[in-house]
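Peer 1: What follows is a single structure, and I will ask about it in a moment.
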Amino acid sequence: MKYFTAYFFLLPLISSYLFGQVDFAYPKLEESSHEEDYFGKKVKDPYRILEDASSHRTQVWLDEQEGFTTNYRKELPKFQAILGRIQSLGFVRNDVMHKEGKYYFEYMYTHLKQAPSLFYRLSHSAEPTEIVAPNSFRESKGEIPSISGYSLSMDNNFLAVSISKSGSDWQEIRVVKMPSGKILDDHIKWVKFSSIVWKGQGFYYSRYPEPEKGQELTAITVNQKLYYHKLGTPQEEDVFIFETPGVRSFAIQSMPGEKYIIKYGHTERGGKLYKSVSYLITKPGEVKGIFFPLLLLPRDDENIFEVVAVVDNKFYIRTNLNAPNFQILEHEAHAPNKGKIFIGEGDMKLDQVQLIHNEWVCMYLQASNYYGIIYDQKGDIAFKFIMPEGCQVSLQDASINDTETLIFARAFYFPTIVYKLDVLNREINALSSTIIKYDHTKYKTEEVRYKSKDGTEIPMYLTYKKGIDLKDKNRPTLLYGYGGFGITIEPFFDPGVLFLLGNGGIFAVPAIRGGGRFGEEWHKAGMGVKKQNSFDDFIAAAEYLIKNKYTRPDKLAINGGSNGGLLVGAVMTQRPELFQVALPDVGVMDMLRYHKFTTGPHYRREYGCSMFKEEFEVLYKYSPLHNIKRGVNYPATLVFTADHDDRVPPMHSYKFLATLQEKGSQENPYILYLEENSGHSGSSLYQKRYYQQAYMYAFMFHHMGIKPKMLF
């Protein structure tokens with residue numbers, strides 16, 4: 001699913017305000033008689049037609065919703081001013097460089113109306129050169145190509161690039177010559193969620209069967225297959241390696257030198273299916289071979305495994321197996337499940353590992369702080385360092401032969417700062433930071449703890465401007481959450497959040513269950529039949545903010561994307577009185593039918609499935625679509641979605657909004673913002689992102705009764 005992106009929009013209204021009373025003339029859609037029987041429970045589905053985005057009725061309804069949204073914008077007097085302010089706070093480049101071979105690659109925006117191009121440098125301090133412009137792959141008017149990934153061949157001569165069209169998860173792989181940038185004829189289609197792993201004069205990649213015409217954005221995505229493509233040959237001649245039937249999936253990873261290719265997935269042994277980490281060995285000159293297991297575990301094992309290095313045929317694996325804070329195991333080749341501890345578990349979470357100059361650079365996370373430790377070849381501590389407080393930290397890709405690496409730090413209130421870690425000389429220094437037009441030292445992030453409904457203690461980031469009165473109860477507050485798939489939301493920079501902070505607001509991000517803040521048990525405590533724990537944790541965060549006078553219900557907004565959109569939809573229907581504004585973003589809203597579309601079947605382990613009685617009862621109890629009650633005063637709601645979202649199809653948002661408009665009270669507006677030529681992660685164009693943010697904050701401040709400042 002997705003982490004937080006600047007993906008915000010706004011609403012429309014055709015009405016007049018009379019002392020808070022509004023008459024919203026929402027577009028009408030004739031209800032159907034669709035009804036399904038779930039274990040004796042009759043469930044109506046009156047807006048089933050909205051599952052078909054190509055139907056005439058759906059298109060008419062969407063056109064009317066667009067007009068309604070456009071008209072509503074006129075009710076937001078500060079929209080243009082907010083747009084200008086957010087643009088002035090923003091930046092148009094991505095400073096995270098990734099080293100592959102002899103090149104440093106980096107995405108950079110050349111124009112606000114275009115997706116970022118890929119640039120390369122020969123050193124981290126050299127001038128960048130554009131190598132791939134996404135518009136080179138545009139095939140039709142209105143289409144927005146973007147670069148979603150890349151991989152350099154071992155000889156540094158070829159770059160395979162994944163291209164997405166208008167935000168779809170479907171990818172096409174193209175190849176360019178380095179360093180000229182010449183586009184070759186190689187053209188691979190129907191790729192999704194795939195790594196590109198080079199071997200010789202070609203690469204491995206995974207793909208899915210081509211969907212039926214017209215079903216590209218809704219058809220179920222199953223039956224993943226691995227292929228090898230040789231440069232200069234058509235895709236039809238690609239070598240089939242193996243496949244996984246049904247919803248089983250795999251991921252591949254290359255190790256330096258092309259000697260080993262790692263596969264994470266499942267393996268059959270003696271008629272039983274195991275979760276496995278394995279490696280591919282091929283004969284010289286061949287691409288097909290045998291995958292030998294390093295680890296074989298029960299199929300339902302939920303532990304995390306990451307091969308971080310291979311040295312002298314020993315595999316080093318970062319894992320939380322028997323170690324909630326993670327450790328590094330050393331595995332001999334051809335000896336499955338016989339790893340020994342190399343770097344043991346500590347009091348802090350081992351978040352990232354790299355082997356550089358034969359030493360181990362480890363980044364540990366404790367509360368909201370990152371700590372670095374370098375271990376020597378024997379696993380003894382050689383050097384320690386501390387990163388700035390309240391940052392999200394990531395290590396740049398590096399190899400065992402390097403003597404230095406880059407570390408990137410970002411916070412909720414400042415963009416990337418680049419540090420150089422000199423492993424040889426045991427030094428770390430800031431190299432550069434993105435130019436900004438404000439003083440980031442005026443802001444801070446702290447971590448607080450509160451108790452959920454069942455007494456579980458939950459950590460929460462609070463970010464705000466230093467010196468404000470945190471107990472005046474009037475702070476505009478945005479509560480953001482995710483809580484699924486073991487994903488932890490760490491600090492990120494977004495100019496819209498900075499706009500909120502500059503206006504005396506608070507940005508709150510709780511590490512609710514379902515995420516991965518405290519390992520797999522934390523994830524399991526908020527998944528499947530225990531999903532309500534995620535919602536209870538989020539509701540408790542709102543109650544904590546109100547009880548401790550950070551804010552009050554009429555100054556509190558909630559936001560989340562994807563699984564976080566489900567979170568917002570669930571809590572706004574369970575506790576509508578707690579929130580003034582709800583901002584669900586590409587959310588999974590129909591929990592009874594989500595598994596029937598695109599990648600939905602792959603999420604059955606996370607959510608459960610309505611095909612099973614016990615799981616149906618849990619899903620039906622919290623499914624946002626099915627828990628909208630007639631006449632309830634729900635928060636002012638801005639429902640965000642995208643027409644090319646083929647991970648959580650927009651029909652979820654359409655059906656949720658249509659039901660909300662039909663049943664909810666008329667005290668607050670319920671609006672759709674549909675982004676065209678965009679996908680699950682939002683638009684790749686900064687101009688559209690700024691526009692969406694301006695919509696969101698204009699809408700939010702308007703319904704909180706706050707006149708925002710533009711200078712701060």
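Peer 1: Somewhere in the range 134-153, is a residue among the aliphatic types (A, V, I, L, M) and touching a Phe, Trp or Tyr at 6+ places or on another chain (Cβ under 6 Å)? Lay out the reasoning, then the answer.
Peer 2: In the first step, residues of the range 134-153 are kept if they are among the aliphatic types (A, V, I, L, M); the result is 144, 147, 152.
From the residues that got through so far, the ones that are touching a Phe, Trp or Tyr at 6+ places or on another chain (Cβ under 6 Å) too are none.
Checked against the condition, which is being among the aliphatic types (A, V, I, L, M) and touching a Phe, Trp or Tyr at 6+ places or on another chain (Cβ under 6 Å), the range 134-153 yields no hits at all.
Peer 1: Right, here's the next one. Tally up the residues in the range 290-303 that are open to solvent by 40 Å² or more (accessible area, probe 1.4 Å) and more than 29 Å from the chain's Cα centre (by Cα), please. Working first, answer last.
Peer 2: As a first pass, look at the range 290-303 and keep what is open to solvent by 40 Å² or more (accessible area, probe 1.4 Å): 290-292, 298-300.
Adding the requirement that they be more than 29 Å from the chain's Cα centre (by Cα) leaves 290-292.
Total satisfying the criteria: 3.
Peer 1: Filter the range 359-385 down to the residues that are within 18 Å of ASN425 (Cβ to Cβ) and surrounded by fewer than 14 Cβ atoms within 10 Å (Cβ to Cβ), then identify the one that is modelled with the lowest pLDDT.
Peer 2: Going residue by residue through the range 359-385, those that are within 18 Å of ASN425 (Cβ to Cβ) are 359-361, 372-377, 381-385.
Applying the additional criterion that residues be surrounded by fewer than 14 Cβ atoms within 10 Å (Cβ to Cβ) yields 376-377, 381, 384.
Details: ASP376: 92, GLN377: 87, ILE381: 94, LYS384: 96.
So the residue we want is GLN377.
Peer 1: Of all residues in the range 607-617 being surrounded by fewer than 20 Cβ atoms within 10 Å (Cβ to Cβ) and within 26 Å of the chain's Cα centre (by Cα), which is farthest from VAL648 (Cα to Cα)? So that I can check it myself, show each step before the final result.
Peer 2: Let us first name the residues in the range 607-617 that are surrounded by fewer than 20 Cβ atoms within 10 Å (Cβ to Cβ), namely 609, 611-615, 617.
Okay, now just the ones that are also within 26 Å of the chain's Cα centre (by Cα), so 609, 615.
Details: CYS609: 16, GLU615: 20 Å.
Only one residue fits best here, namely GLU615.
Peer 1: A follow-up question, please. For the range 171-208, name all the residues that are outside any loop (DSSP other than H, G, I, E, B), open to solvent by 50 Å² or more (accessible area, probe 1.4 Å) and closer than 26 Å to GLY265 by Cβ.
Peer 2: Residues satisfying the conditions are LYS189, TRP190.
Peer 1: Cβ contacts < 8 Å: first residue closer than 23 Å to LEU498 by Cα, restricted to the range 422-439; second residue polar (S, T, N, Q), any location; separation 6+ or different chain. Result?
Peer 2: Taking only residues 6 or more apart or on different chains, the pairs are SER433/THR416; THR434/THR416; LYS437/SER88.
Peer 1: Additional query: Of the residues that sit in the range 443-486 and are of a type in the set (Val, Ile, Thr) and closer than 30 Å to HIS602 by Cβ, which one is most open to solvent (accessible area, probe 1.4 Å)?
Peer 2: So the first thing to find is which residues in the range 443-486 are of a type in the set (Val, Ile, Thr), and the list is 445, 448, 456, 458, 463, 468, 477.
So of that shortlist, the ones also closer than 30 Å to HIS602 by Cβ come out as 456, 458.
On the way: THR456: 36, ILE458: 0 Å².
Of everything passing the filter in the range 443-486, THR456 is most open to solvent (accessible area, probe 1.4 Å).
Peer 1: Evaluate the following for LYS555: is it closer than 30 Å to ASP301 by Cβ and among the basic types (Lys, Arg)?
Peer 2: On the way: closer than 30 Å to ASP301 by Cβ: no; among the basic types (Lys, Arg): yes.
Against the criterion (closer than 30 Å to ASP301 by Cβ and among the basic types (Lys, Arg)), LYS555 does not qualify.
Peer 1: What are the residue pairs meeting all of these: first residue in the range 77-91, first residue in contact (Cβ under 8 Å) with a residue 40 or more places away in the chain, second residue polar (S, T, N, Q) and surrounded by 19 or more Cβ atoms within 10 Å (Cβ to Cβ), Cβ atoms under 6 Å, and 6 or more apart or on different chains?
Peer 2: The qualifying pairs are ILE86/GLN693.
Peer 1: Further, regarding this structure: Which condition does ILE671 not pass, out of (1) modelled with pLDDT of 90 or more; (2) within 30 Å of THR441 (Cα to Cα); (3) not in a helix (DSSP H, G or I), if it passes all the others?
Peer 2: Among (1) modelled with pLDDT of 90 or more; (2) within 30 Å of THR441 (Cα to Cα); (3) not in a helix (DSSP H, G or I), ILE671 violates only (2).
Peer 1: Moving to a separate point now. Just to confirm my filter: which helices (runs of 4 or more DSSP H) fall fully inside the range 502-575 and include at least 3 residues that are among the aliphatic types (A, V, I, L, M)?
Peer 2: Working: elements: 520-524, 532-547, 563-574.
Where helices (runs of 4 or more DSSP H) fall fully within the range 502-575 and carry at least 3 residues being among the aliphatic types (A, V, I, L, M), they are 532-547, 563-574.
Peer 1: Check ASP238 against each of (1) in contact (Cβ under 8 Å) with a residue 40 or more places away in the chain; (2) surrounded by 15 or more Cβ atoms within 10 Å (Cβ to Cβ); (3) touching a Lys or Arg at 6+ places or on another chain (Cβ under 7 Å); (4) among the acidic types (Asp, Glu) and name the one condition it does not meet.
Peer 2: Failing condition for ASP238: (3).
Peer 1: From the set of residues in the range 335-350 that are of a type in the set (D, E, K, R) and within 23 Å of ILE261 (Cα to Cα), which is surrounded by the fewest Cβ atoms within 10 Å (Cβ to Cβ)?
Peer 2: Once the filter is applied, the top-ranked residue is LYS340.
Peer 1: Which pairs have Cβ atoms under 6 Å, sit 6 or more apart or on different chains, and link a residue in the range 595-607 that is within 15 Å of PHE485 (Cβ to Cβ) to one that is buried (at least 21 other Cβ atoms within 10 Å of the Cβ) and among the aliphatic types (A, V, I, L, M)?
Peer 2: GLU606/MET527
Peer 1: Also, I was wondering about something else. Checking the conditions here, which among GLU332, GLU286, GLU306 is modelled with pLDDT of 95 or more and open to solvent by 40 Å² or more (accessible area, probe 1.4 Å)?
Peer 2: On the way: GLU332 fails: modelled with pLDDT of 95 or more; GLU286 fails: modelled with pLDDT of 95 or more.
Criteria check complete, one pass: GLU306.
Peer 1: May I ask you to list pairs of residues, at least six apart or on different chains, whose Cβ atoms are under 6 Å apart, with the first in the range 93-119 being farther than 19 Å from ARG689 by Cα and the second being modelled with pLDDT of 90 or more and open to solvent by less than 10 Å² (accessible area, probe 1.4 Å)?
Peer 2: VAL96/PHE408; MET97/GLU106; HIS98/PHE105; LEU118/VAL132; PHE119/GLU106
Results for (1) out of contact with any Asp or Glu (no Cβ under 8 Å at 6 or more places or on another chain); (2) touching a residue at least 60 places away in the same chain (Cβ under 8 Å); (3) not in a strand (DSSP E or B), shown as yes or no for each residue.
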site: ILE400; (1), (2), (3): yes, yes, yes
site: ALA409; (1), (2), (3): yes, no, no
site: THR441; (1), (2), (3): yes, no, yes
site: ARG449; (1), (2), (3): no, no, no
site: LEU479; (1), (2), (3): yes, yes, no
site: PHE492; (1), (2), (3): yes, yes, yes
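Peer 1: Of the residues ASN677, ASN633, only one is under 28 Å from THR599 (Cβ atoms) and either touching a Ser or Thr at 6+ places or on another chain (Cβ under 8 Å) or not polar (S, T, N, Q) (or both); which? Outline the logic, then answer.
Peer 2: Numbers: ASN633 fails: under 28 Å from THR599 (Cβ atoms).
Only one candidate qualifies: ASN677.
Peer 1: Condition test on PHE507, is it in contact (Cβ under 8 Å) with a residue 60 or more places away in the chain and open to solvent by 10 Å² or more (accessible area, probe 1.4 Å)?
Peer 2: no
Peer 1: Let me ask something additional. (1) in contact with a Ser or Thr (Cβ under 8 Å, 6 or more places away or on another chain); (2) surrounded by 19 or more Cβ atoms within 10 Å (Cβ to Cβ); (3) part of a strand (DSSP E or B): which one isn't true of THR221, the others all being true?
Peer 2: It fails just one condition, (3).
Peer 1: With the requirement that a residue be closer than 16 Å to PHE193 by Cα, surrounded by 15 or more Cβ atoms within 10 Å (Cβ to Cβ) and not basic (Lys, Arg), what does the range 244-261 give you?
Peer 2: Of everything in the range 244-261, those that are closer than 16 Å to PHE193 by Cα, surrounded by 15 or more Cβ atoms within 10 Å (Cβ to Cβ) and not basic (Lys, Arg) turn out to be THR244, VAL247, SER249, PHE250, ILE252, GLN253, SER254.
Peer 1: OK, next. More than 19 Å from PRO234 (Cα to Cα), in a loop (DSSP other than H, G, I, E, B), hydroxyl-bearing (Ser, Thr, Tyr) and open to solvent by 20 Å² or more (accessible area, probe 1.4 Å): which single residue out of SER168, SER123 fits that description? Outline the logic, then answer.
Peer 2: Working: SER168 fails: open to solvent by 20 Å² or more (accessible area, probe 1.4 Å).
Only one candidate qualifies: SER123.
Peer 1: While we're looking at this one, here's another question. Tally the residues that are open to solvent by less than 40 Å² (accessible area, probe 1.4 Å) and of a type in the set (Gly, Ala, Ser), restricting the search to the range 691-712.
Peer 2: Qualifying residue count for the region: 2.
The values are calculated or read from the model by the stated rules, or taken from the named source; none is laboratory data. Note that the structure is a prediction, hence the values are computed from the model and not measured. Backbone-built Cβ (ideal geometry, glycine too); neighbour counts: all protein chains shown. Surface accessibility is based on the protein's heavy atoms, side chains included, excluding ligands, DNA and RNA. Shrake-Rupley method; radii C 1.70, N 1.55, O 1.52, S 1.80 Å.
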